[in-house]
1. From Cα pairs below 8 angstrom and at least 6 apart in sequence, can you work out the relative contact order of the stretch 1-41, rounded to a whole percent?
2. Express the carbon and sulfur contribution to the solvent-accessible surface of the chain as a percent, rounded to the nearest whole number, probe 1.4 angstrom.
3. Would you mind calculating the gained length between Glu75 and Glu55 on full extension (0.36 nm times residue separation, minus the Cα-Cα distance), in nm to one decimal?
4. Sorted by mean Cβ packing within 10 Å, highest first, what order do the peptides 52-61, 6-15 take?
5. For the stretch 1-81, what does the accessible surface come to per residue with a 1.4 Å probe? Please give it in Å².
6. Looking at the square roots a ≥ b ≥ c of the eigenvalues of the Cα gyration tensor of the stretch 1-59, which shape do they give, rounded for a/c under 1.5, prolate if a/b is larger than b/c, or oblate?
7. Given R₀ = 30 Å, FRET efficiency for Glu12-Glu67 by Cβ-Cβ distance, to 0.05?
8. Calculate one ³J(HN,Hα) per residue across the stretch 49-60 by plugging θ = phi - 60° into the Karplus curve 6.51 cos²θ - 1.76 cosθ + 1.60, and present them in order as whole Hz with x for glycine and proline.
Amino acid sequence: MSTKRINVIDREGNEHSVGWSADQSLMEVLRDNDFPILASCGGTASCATCHVFLEKDAFPSSGERSEDELELLAETDTYIADQSRLSCQLTYESSCGGATVTIAPE
């Protein structure tokens, strides 16, 4: 099974390198590596508790946001139009390998 590395900046500003397997969403990677991602909806894009920021240069290759995802993100206090994503909606194929992902404040 393929695995790629991503860098994750936690809410305290610490950077971690973690593996991402092809069968996982980014939310599952974060949860499985004990980052404080609540993901209370279980990955159905209905809660925004897995909000992350992508680097601006990695954002375009992350794919299109659905209307539901965009609506949820826009309702958060920390929404950034060209960086905010729900990690549950990011798949292994979304070209984020090697990128840095920052976990949004709660």
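The values are calculated or read from the model by the stated rules, or taken from the named source; none is laboratory data. Only a predicted model underlies this, so the values are computations on that prediction, with no experimental measurement involved. Because the Cβ atoms are built from the backbone with ideal geometry, glycine has one as well, and the counts that use them run over all protein chains shown. Quick note on the areas: whole protein, heavy atoms, side chains included, nothing else; ligands and nucleic acids left out. Shrake-Rupley method; radii C 1.70, N 1.55, O 1.52, S 1.80 Å.
1. Worked out over the stretch 1-41, it gives 30 percent.
2. Taking all protein chains in place, the chain shows 44 percent carbon and sulfur surface.
3. Result: 5.1 nm gained on full extension.
4. 52-61, 6-15
5. Per residue, the stretch 1-81 has an accessible area of 57 Å².
6. Judged from the Cα gyration tensor, the stretch 1-59 comes out rounded (a/c under 1.5).
7. Between Glu12 and Glu67 the formula returns 0.35.
8. Rounded to whole hertz, the list is 7, 10, 4, 9, 10, 9, 5, 4, 6, 8, 4, x.
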